[in-house]
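Student: Submitted below is the structure of interest, expressed as structure tokens.
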Amino acid sequence: MSQIKITLPDGSVREFPQGVTGLQIAQSISEGLARNALSIEVNGEIRDLSRPIDGDSMIRIFTWNDKGGKLAFWHSSAHLMAEALESLYPGVKFGIGPPIENGYYYDVDLGDRPFGEDDLAALEKKMIELARANSSFVRREVSKKEAVEYFSKKQDQYKLELLDGLQDGAITFYQQGNFVDLCKGPHIPSTGAIKAVKLLNVAGAYWRGNEKNKMLTRIYGITFPKQKELDEYVHMLEEAKKRDHRKLGRELELFAFSEKVGMGLPLWLPKGTIVRERLEQFMRRAQIKAGYDAVVTPHIGGKALYVTSGHYEKYGKDSFQPIHTPDESEEFLLKPMNCPHHCEIFKVRPRSYKELPVRLAEFGTVYRYEQSGELHGLTRVRGFTQDDAHIFCRPDQVKEEFIKVIDLVFHVFNSLGFQNYTAQVSLRDPDNKTKYIGSDEAWNLAERQIQEAADERGLKTVAVKGEAAFYGPKLDFMVKDALNRQWQLGTIQVDYNLPERFELEYIGSDNQRHRPVMIHRAPFGSLERFVAVLIEHCAGNFPLWLAPEQISVLPISEKFNAYGQHVLDVLKEHDIRGTLDDRDEKIGRKIRDAEVSKVPFMLIVGEKEVAEKRISIRRHGAGDQGSVLLDDFVTTYAREFALPV
Ligand SMILES: [Zn+2]
Ligand SMILES: [Zn+2]
């Protein structure tokens, strides 16, 4: 038997007999790896560990810690659930059952048997029982004829419909225990690795997402290789429910929605507006320091503007429709992005290379049509405000500008307590260069400058080929919140397209006309989405400088209301925001209410405080902090009250 060369992720090459399996390779590396291996990537394709490898290959073995491992694990769990369903509900028909970001689902047709959340416990139990049987997932190539015969006999019209779209020679079955599925894999070696199962919910889903088709039952689940990991996940879900920004937004009176105003159009209430305006002040100040010029542009723009930008052609049909006026020749669009307006500002006069970069910043409100089913709290809305800016620079200035924006993004993350972040550099697909606009030379230069900028700032990045937009490479930041959930925040994008379309120019040192490079950037992204992420990250306990109500003065009885008012007045003069709770209530009740509304400082005043001109401090979540002179309170916390610098 001939030998093949296997290249490992560290670049080392080992020889194996042709037909070696991923499991055998794992065993040759270490027993531990073999025990934990779930799937293998062979020349970019994720496969079963048991599949023979026939030629020289680059491989990567996946465990639970890799995305490729989790996907195979959850895909296999979907099959396990299907096996359990078939044993509890004979004759059940199956649609599709893919892995998703957290777990998997399977769409099934149970005929006229009812199925709801109450039935999940029994299904979980059956899954555990079948997992313990430790059945292997066995892959088998079948002819289309055989596959059609199998599912005709089972009368599974969904699988037959899926088979319709498949070519002979590309059809595989996977079997574990008594269950056979039409599937291209990959799967984990056997069901025994699945130690903990949680079925999450039941929903309706039209077959193939088409509402003309039959409504199937979609069952969501998640599984883990250890019970402890499931326990942690369940805890995280409970915590996430408590922190849901829609719930906290209502309870803390930050924002609301009104049917009359329209779906997906948030109304910022007074307290939410304070948070938003503080964020704006924070960003404005940072931007002035970084050399931005603030501009303001209208909420609508003539249709021609978006024809030039290309947005009309691309999104016109699926977006808000043109606004007409009594003058029949006029048509306007609600602005879906600020960039075209800023291009027009760049063009108000000729530009020289000496004044580049030009950095135009605007808290620009934009409107994008989202289907009603897609709307979600503040994270998916139809109208939102971006902390937008466009940098018009020379091609050789991209690196320096990226460094500046990275610093700004770091400033945002550090000031708001996001400590865990990484970034992705999205590059061109080098094998498909015609997809992109802009010269080869420009792309190579910009891609190199982005990577250098990130490296110089010590930013951990992964570079992904083929992820760039057709108009330029970009850098995306991924932030992990307090519950370890990942959010994308802060994109920096190079653009060769709009400068071309708007014919932007500057006069170079050679006295010739040149095209500037345009960089789009928005560290918050949209204020709406950012506030949503922030609420969930800090569970509504905003940093002191952002808190809508920083203090609440709580007199022990009505006798001390006058002193309480005096305390409040003094603090207001120092720009500290707060209220006086002068209700005729017991102090215990006042403290409880202030705790619920997450006010950072409760300032308690009674006889002793009045006599000594002091206040007693209670901090949210930290309890009693003793009593201090009013002036000392202001100086001690001055930095925490102020915008971070
Ligand atoms: Zn499958
Ligand atoms: Zn833009």
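The values are calculated or read from the model by the stated rules, or taken from the named source; none is laboratory data. Just so you know, these numbers come straight off a predicted model, no measurement behind them. Cβ coordinates were reconstructed from backbone atoms using ideal geometry, including for glycine residues, and neighbour counts include every protein chain displayed.
Student: Quick one: count up the residues across region 273-289 that are in contact with a strand residue (DSSP E or B) (Cβ under 6 Å, 6 or more places away or on another chain) and either modelled with pLDDT under 95 or among the polar types (S, T, N, Q) (or both).
Tutor: 1
Student: For region 590-643, how many residues are part of a helix (DSSP H, G or I) and either acidic (Asp, Glu) or in contact with a His (Cβ under 7 Å, 6 or more places away or on another chain) (or both)? Talk me through it step by step, then tell me what you get.
Tutor: Step one: filter region 590-643 for residues part of a helix (DSSP H, G or I), giving 590-596, 607-612, 630-636, 638-641.
From the residues that got through so far, the ones that are either acidic (Asp, Glu) or in contact with a His (Cβ under 7 Å, 6 or more places away or on another chain) (or both) too are 593, 595, 607, 609, 612, 631-632, 634, 640.
Of the residues in region 590-643, 9 are part of a helix (DSSP H, G or I) and either acidic (Asp, Glu) or in contact with a His (Cβ under 7 Å, 6 or more places away or on another chain) (or both).
Student: Quickly run through region 1-44 and pick out the residues that are surrounded by 16 or more Cβ atoms within 10 Å (Cβ to Cβ) and touching a helix residue (DSSP H, G or I) at 6+ places or on another chain (Cβ under 8 Å). Let's see the steps before the verdict.
Tutor: Residues of region 1-44 that are surrounded by 16 or more Cβ atoms within 10 Å (Cβ to Cβ), as a first pass: 4, 6, 16, 20-26, 34, 36-42.
Within region 1-44, 6, 16, 23, 26, 34, 37, 38, 39, 40, 41, 42 qualify.
Student: For the structure I just gave you, tell me whether residue 261 is touching a Leu at 6+ places or on another chain (Cβ under 9 Å) and free of Cβ contacts under 8 Å to residues at least 12 places away in the same chain. So that I can check it myself, show each step before the final result.
Tutor: On the way: touching a Leu at 6+ places or on another chain (Cβ under 9 Å): yes; free of Cβ contacts under 8 Å to residues at least 12 places away in the same chain: yes.
Criteria met by residue 261.
Student: Out of the strands (runs of 3 or more DSSP E) lying entirely within region 475-556, which hold 1 or more residues that are within 16 Å of ligand 2 (Cβ to nearest atom), in contact with a strand residue (DSSP E or B) (Cβ under 6 Å, 6 or more places away or on another chain) and free of Cβ contacts under 8 Å to residues at least 60 places away in the same chain?
Tutor: Those strands (runs of 3 or more DSSP E) span 486-495.
Student: Could I ask something else about it? When region 19-57 is examined, which residues are found to be in contact with a Pro (Cβ under 8 Å, 6 or more places away or on another chain) and farther than 15 Å from residue 189 by Cβ?
Tutor: 19, 20
Student: Within region 622-636, how many residues are at positive phi and within 39 Å of the chain's Cα centre (by Cα)? Let's see the steps before the verdict.
Tutor: To start, the set of residues in region 622-636 that are at positive phi comprises 623, 626.
Filter again for within 39 Å of the chain's Cα centre (by Cα), leaving 623.
Qualifying residue count for the region: 1.
Student: Follow-up. Filter region 357-398 down to the residues that are out of contact with any Lys or Arg (no Cβ under 8 Å at 6 or more places or on another chain) and part of a helix (DSSP H, G or I), then identify the one that is surrounded by the most Cβ atoms within 10 Å (Cβ to Cβ).
Tutor: The qualifying residue surrounded by the most Cβ atoms within 10 Å (Cβ to Cβ) is 398.
For every residue, the table says whether it meets (1) within 28 Å of residue 45 (Cβ to Cβ); (2) in contact with a helix residue (DSSP H, G or I) (Cβ under 7 Å, 6 or more places away or on another chain).
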{"residue": "100", "(1), (2)": "yes, no"}
{"residue": "139", "(1), (2)": "yes, no"}
{"residue": "143", "(1), (2)": "yes, no"}
{"residue": "152", "(1), (2)": "no, yes"}
{"residue": "156", "(1), (2)": "yes, no"}
{"residue": "188", "(1), (2)": "yes, yes"}
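Student: Can you name every residue in region 334-344 that is in contact with a strand residue (DSSP E or B) (Cβ under 6 Å, 6 or more places away or on another chain), more than 10 Å from ligand 2 (Cβ to nearest atom) and within 18 Å of residue 495 (Cα to Cα)?
Tutor: Matches in region 334-344: 336 only.
Student: Quick check on my filter: what residues within region 311-340 are assigned to a loop (DSSP other than H, G, I, E, B) and loosely packed, with under 15 Cβ neighbours inside 10 Å? So that I can check it myself, show each step before the final result.
Tutor: Step one: filter region 311-340 for residues assigned to a loop (DSSP other than H, G, I, E, B), giving 319-322, 325-330, 335-338.
Those that are assigned to a loop (DSSP other than H, G, I, E, B) and loosely packed, with under 15 Cβ neighbours inside 10 Å: 321, 325, 326, 327, 328, 329, 330.
Student: Turning to a different aspect of this structure: Tell me, yes or no, whether region 41-62 has at least one residue that is of a type in the set (Phe, Trp, Tyr), within 34 Å of the chain's Cα centre (by Cα) and under 25 Å from residue 140 (Cα atoms). Give the steps one after another, and end with the answer.
Tutor: We begin by selecting, within region 41-62, every residue of a type in the set (Phe, Trp, Tyr); these are 62.
Pick out the ones that are also within 34 Å of the chain's Cα centre (by Cα) and you get 62.
Now restrict to residues that are under 25 Å from residue 140 (Cα atoms): 62.
Yes: region 41-62 contains one or more residues that are of a type in the set (Phe, Trp, Tyr), within 34 Å of the chain's Cα centre (by Cα) and under 25 Å from residue 140 (Cα atoms).
Student: Could you grab me the full set of residues in region 165-205 that are in contact with an Asp or Glu (Cβ under 9 Å, 6 or more places away or on another chain), free of Cβ contacts under 8 Å to residues at least 60 places away in the same chain and more than 16 Å from ligand 1 (Cβ to nearest atom)?
Tutor: 169, 196
Student: For residue 474, are the conditions met, namely being away from ligand 1 (no atom under 16 Å from the Cβ), over 25 Å from residue 285 (Cβ atoms), among the charged types (D, E, K, R) and buried (at least 21 other Cβ atoms within 10 Å of the Cβ)? Steps first, answer last, please.
Tutor: Values: away from ligand 1 (no atom under 16 Å from the Cβ): yes; over 25 Å from residue 285 (Cβ atoms): yes; among the charged types (D, E, K, R): yes; buried (at least 21 other Cβ atoms within 10 Å of the Cβ): yes.
Here the answer is yes, as residue 474 does meet what is asked.
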